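Heads up: the structure comes next, in structure tokens.
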């Protein structure tokens, strides 16, 4: 932190303020208590000041906008106008969260154009530090009271919800964010030669994975398995392509068996929970069994068979309105509006139709291209691709649009990709961005 502020004179005051505002945005996204309680007006001021400081520090970014930014702004305008004309059903908070999901992508295009490695490195490690603090507080809360995991998965009562909302306990979207950050830490671990960095990243990996497991978030835990399996398969594909294919087939078989034989797994977990002597571990295993049985809330929300029904509901709505969809709809009455609310990809296909699919495909192509710049540094590249696979898995089987996920994917993940890019593949962190680069533009 002191090292960063000593560079303010070289960075320039507007850019220094801009980086500070970005850190405030990250702080808001990665601290669940602030995400729930910070007033929207304060965040709007932060974003407005961020845009102003970008113009003061690098006017060319504003005068010659990135194509990604143009597409995002046009898309947000289209959805806003549609809502104003009465097409769709969403609260202002839903639209607000949707915008906040894409803002980190706009932030990244600025730092990509700026092309200063030391700035990218500072933002990435500041974000990981903030996330680590939140992860540790979540672990402490979940260890002290394992039943709080139901607050993360959305099945707790009003009194427990009131208690959890006044702590730093995250939601299921925070558990997803931790999975993404686990992938980034994994890339940090495999790409470093210095033992101290390997040790720090390994400890971080263990803590982040532990928080996901303690959360009892079924999709988040599965995503962690997908992340690890994908990395192993990618790592082995050059040495043994057949073995790599076998690993992926085993993963697909495992996920399918969880759905087909859900009652068997539920009974097995419940039996294990009664035989385990540790009360905390017993409650944790029973919470996982409840997911398979469909206990603790709406059967459609909690059971695997119910989720499949909700996925199919969104798919049928897409087939009925394939071109423009039903508009931005967020409603608890799933069957009345035809939106299952449990798969970001399928739900948004039903909301926005083929138009939305095309826009998402274009934005996804930008994201893949940004991350793909680390392709020559094969160790980090394998982990980055595995992380992208886990992101796609979470978006397919759960709601994914949230501020923390937006920051993790569009800002931290992409900046991390730049740090291990073909321009400067580091063997240790000290060699990445040893000095400030000249301000320069880049084609988008």
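All of the numbers you see were taken from the coordinates with simple rules; none came from a lab. Just so it is clear, the structure is predicted and the values come from calculations on it, not from any experiment. Cβ coordinates were reconstructed from backbone atoms using ideal geometry, including for glycine residues, and neighbour counts include every protein chain displayed.
What the table below lists for this structure:
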| read-out | value |
| --- | --- |
| Ranked by how many other beta carbons lie within 10 Å on average, peptides 104-110, 306-312 from highest | 104-110, 306-312 |
| For 101, 335, order by how many other beta-carbon atoms lie within 10 Å, fewest first | 335, 101 |
| Relative packing of 58-65, 407-414, which averages over residues the other C-beta atoms within 10 Å, highest first | 407-414, 58-65 |
| Relative packing of 130-140, 82-92, which averages over residues the other C-beta atoms within 10 Å, highest first | 130-140, 82-92 |
